[in-house]
Each structure stands twice: as C-alpha cells, then as structure tokens.
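Notes for the one structure printed next.
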Amino acid sequence: MSWKPEIDEIKQRRALALGQGGPDAVAKQHSHNRLTIRERVNQLLDVDSFEELGPVAGTPIYNDKGELVSYDPANFILGFGKVNGRRIIVGGEDFTMRGGSPSPAGLRKSVYAEELAVQYKIPLIRLHEGSGGSVGGTSGKGPNLPGPVNAPSRFRSVAQAMATVPVATAAMGAVAGLPAGRLVASHFSVMSKSTAQIITAGPAVVERAMGEKKTKDELGGWKVHTKNGTVDNGADDESACIEEIKCFLSYMPDNVYQLAPIVECEDPVDRCEESLLEVVPRDRRLAFEMRKVIHAVFDEGSFFEVGKGYGRSQITGLARLNGQTVGVWGNDCKFLAGSMTADGAHKARRFMELCETFSFPIVTLVDEPGFMIGSQAEREATIRHGTSAVLTAAMTTVPWAAIMVRRSFGVAQAAHYGPEAYVLAWPSAESGPLPVEGGVAVAFRREIEEAPDPDAKRRELEEMLAAKQSPFPRAEALSVHDLIDPRETRPELCKWLARVQPLLPDLLGPSAFAIRP
Amino acid sequence: MTKIELETGGSVWKLLVAEGDAVEEGQTLFILEVMKMEVPYEAPQSGTVTALHIAEGDSVAEDDVALEIG
C-alpha cells in the first residue's frame, strides 16, 4: 500500500490553508477595500517567487471517526520571496481569522520571521493587520500560561533583526498591541491612509480604562500617526504602501555586512545646477525651499524622504550620488525656521542610527538656527532630545559631508557635523553661538537702552556682528574645508564620495550602537 | 469652503487681504513671523475670503484657522 492517503491529506490541508478564513471572511475583507494577506504578499513579490514556510501549520478539526473535516490555518503567513530579484523574508497577520489576533501556530510563525531574517541575513518585510493578544489566549479558551522562565525573550530577535538586516513594515489595516509594536520596530514604516489605524489599544479598551470615547481613526488614524512619528510615512492605499517599501529597499544592502547596491547613474557627476546660485535669498528673514536644493544636488529623482509629516523642521531621507546610497539631512527653514525641536531631534537621531547601522555616508545641508525655544519647547524636553541627537552624531563612524547653506548656530548645529566631517560653505553661510537678532538684545542690552535711538543702535550692532558671521574668516582659519559656489555642490560632493568610498568596507558589520525605534 | 489652518504658531506680521476680497490661487494671503523668519501663506484656490480670524500683530497657535475661502 502506498502513502497516497496521507499525500491526499497533505493536498487537502494545503488547499484549505489557501482558503484563509473562508469565503465569507475574505469577502468581508474585500468589502472594506482591503486585500487579504496572501494578495498583499503577491503584490509585493516578483511573480511566482513566494516560497512559503509552514503552509500547513494550523489547527485541524476532526469528526468522531477521526477524519479531517476542516482546518484552521495559522493566521500568520510567512516565507521567502523576491523583490526586484532580491531575496527577502515576508510575513503578515491574516485578518480573516480571529482579526489577526495570534492563533497558536500564527504566533509561532510570526516570531519566526525575525529569526529567519537574522539567520539568512536578508531584509525583512512585514505587512501588518491584526490585533494583539486576547484574554481568551491563543486557543480562545482562556489565557495562555507564559513560557518557562528560561525561554528566550520574544523581543530579542526583534531587536537583533534591526541590528542585522533592513526591516520595513506597513500598516495595511487596523494594527493593535503586539503587531503595532512590531510595526514600529523597523527601519522604515508606512501606513495606508485609507485603510489603516495604529492603536495601542482599541476604542472599547480605551473607553473602559479612560472613559474616553473615540473612534479607531480618532485614536490612531494617519492624521495622528504621520504627524507624531509613530510611522515614517503615510501612503494613499495598500498598493502605495508596497511601492514605498520597494523604493526604500532599493537603497538598502541585504544586511550590515554588505554595502548598499550601486545603481547605474545617468546624471553627470559634474552637473552644476544654475538655480542654486540664487536659491538662498540675501534677505535673511526670507525663507527658501531646502527640498529644491536637495533635488538639484543629488542624482536626479533619487531623493526618498522619510518622515515628512513629523519633526518637520528637519528633512531626512535617502538619496544617491553617482548611483551610491547616502543619507541626506537638511533643515526646512519654512517650518519653525528649521530649528531643532524635540520631535525633529528624535527623527534626526533615528536617521543617523539608520546610516550608522548600514554604513551610509551622511550629507547634511545645514540651515540650523539652534534648538527650538519657548514654553512649548521647554515642555517637550527639547534640550534632552536635542542633545541626544548631538551626541549620536558625535559617536558615528560613517563619513560625513556638511554643506553650510545658511545658518549654523548654537549647540544644535553640532548635530549636523559628524566626526571629521568634510565641510563646505556657501557664501550665504553664517555661524556662531547664536543668531545675532536674538543675541544682540541680550548681550548689548544696556548699550541699546542707553543709546539715543535704541532701535537704530540695535540694528547697527546686528549689522556689525552679522558681518563677522560671514564664512570668509572661517575659511581663512581653515574652519571649513572650502568656500564654494553653490552650483559646484554636486561635483564637490561626488568627488568627496569617491574619496570616502574605499573606507566604507572597514565599517561593515554590527554597529557600536544599535538603532532604536 | 476651504479653511486655512496654521502649520505652526507665531505672530501675524502682515495681513494682505480683507473679508470679502476676491483672491486668486497662489496669491499671498498673510505672512506669519515665526522664529524671526517670514512665512507666507498662499491661497490654495481662487475664491472669496468669507471669514477672517486673524489681525496683524496677533499671536497665533498651530492648527488655528486663519481665514476661510469660499
């Protein structure tokens, strides 16, 4: 007798697993304009590249005769796949069963995702939609007993994955509890504006504990979480989230032991962009668009902004110079004058940690007036978060190039120059302990008050001191490497990158300090 | 009806329109002074200023509605 009966049962189980939570649950998912996890995985991966792990993990249901009558597959899908030809690990909760709240096999598969990514040293992509644990436990019949005291921490592999491979995540639907925690335990996260909410606990739990009546969107919709930095980016829908993840991945190496892929670059390295000559207004009160500078300097169309909606005075992202990935960090003087706010500092710290983890050279475009001031800034502990960013910069080992575009003041400016940074100043650069407009009123208070025309005296002092903040004396003292015509920025940065590139292999491997969510 | 909400706090440095004015898309409506820098706000669409909630010299906060265009 052959093994055919068992083989038939394997086939039956595989077929049942593909049915997910059943036709009704799948139809309900679609009626809310949401894809199922299998559809999401297919959309992410190259055609026919999915190699599923644990496809028949689940809970069988037998009749009295011991025959298989139905089958609840694990509600977490996991496997290998390829994105633009690169092998990755992909995983995600199946919302069509138990709302993604982990079943016993689902939980096992979900924690295996990070372990696999670390083991195979390839990027991890998680597509989340699901709630966390239930008081009913994974079986639904009562709380689970915790694992033995000597069981490894479930979160250790989550942290190890972040220190070893790129981790990119998306919130595709409602994400709560553990899945929400894993969503943000990533180097890049994006949420679907039309279908996702991220909530530590849902409306019912919140109302019971806090007496606060809020909808899921009010608690954790995109308007809340793209503005507070819970996720890096928002995208219109699930497809747009997947495109963002693919784009992010294109800048990343497979792991910290490799350098980022270099793409062919058609943008000439010696391109001088004419618009840069007058992008910074001579009138120091007038703002300018730092993103225009970024687009003019880096490889055409290569800037991928991360965290546009929060910490908005700081602009961070990835871009390419001559086809090679670099981290880009500029100030946006149109938002709070580009000053270092608490959330801007948090964003900057994560950006630097990302670059340090994956050995990306950092290019800064500096227009930093200093830490944000005022009562709100004090309430937000700006000085602590800001100093955290400054010390993170000081501890990095990757190469830095800093372009002094305009202002560079105070303690906060130090965050924009890593150790041994290559510093080039535009003629519009000005620097010092603090901007003259504020500093003069304090340092020369008596002199101004006693002058016959205090306003005129203040202006005279401001003009005198502003002249001393010019970049020429700094260049004379070799406090900057060179003064440049802004149009030369791209050629100069490309030359710098060619010089530092041979140093990058020595930086590979785990970083001295880990990236934190 | 489009509400022009403020992206940051600051003070109203120059108010360039009055209630009832016709405005064109891209026209500067007012300029905030934020951290000693001028931050212009432009009309996102053409229309009429149907309500004005700010005056020159006002101290304003993030998310305040400055004016409405109908």
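Some observations on this one:
- Test result for A:GLU67, loosely packed, with under 15 Cβ neighbours inside 10 Å and in contact with a Gly (Cβ under 6 Å, 6 or more places away or on another chain): no
- In segment A:466-494, the qualifying residues are those that are touching a residue at least 40 places away in the same chain (Cβ under 8 Å) and of a type in the set (Lys, Arg), and the one that is surrounded by the most Cβ atoms within 10 Å (Cβ to Cβ) is A:ARG490.
- Of the residues making up segment A:208-215, none is on the phi < 0 side of the Ramachandran plot and either surrounded by 15 or more Cβ atoms within 10 Å (Cβ to Cβ) or assigned to a strand (DSSP E or B) (or both).
- Restricted to segment A:68-177, the set of strands (runs of 3 or more DSSP E) holding at least 2 residues that are at pLDDT 85 or above and within 27 Å of the chain's Cα centre (by Cα) comprises A:76-83, A:86-93, A:124-130, A:167-176.
- Of the candidates B:GLU62, B:GLU7, B:GLU38, the single residue that is in a strand (DSSP E or B), modelled with pLDDT under 95 and either within 14 Å of chain A (Cβ to nearest Cβ) or exposed (fewer than 13 other Cβ atoms within 10 Å of the Cβ) (or both) is B:GLU38.
- Restricted to strands (runs of 3 or more DSSP E) entirely inside segment A:222-336, those with at least 3 residues that are in contact (Cβ under 8 Å) with a residue 24 or more places away in the chain and closer than 22 Å to A:PRO179 by Cα are A:233-235.
The values are calculated or read from the model by the stated rules, or taken from the named source; none is laboratory data. The model shown is predicted, which means the values in this text are computed figures rather than measured ones. Positions of Cβ are generated from backbone atoms using ideal geometry, with glycine treated the same way; all protein chains shown enter the neighbour counts.
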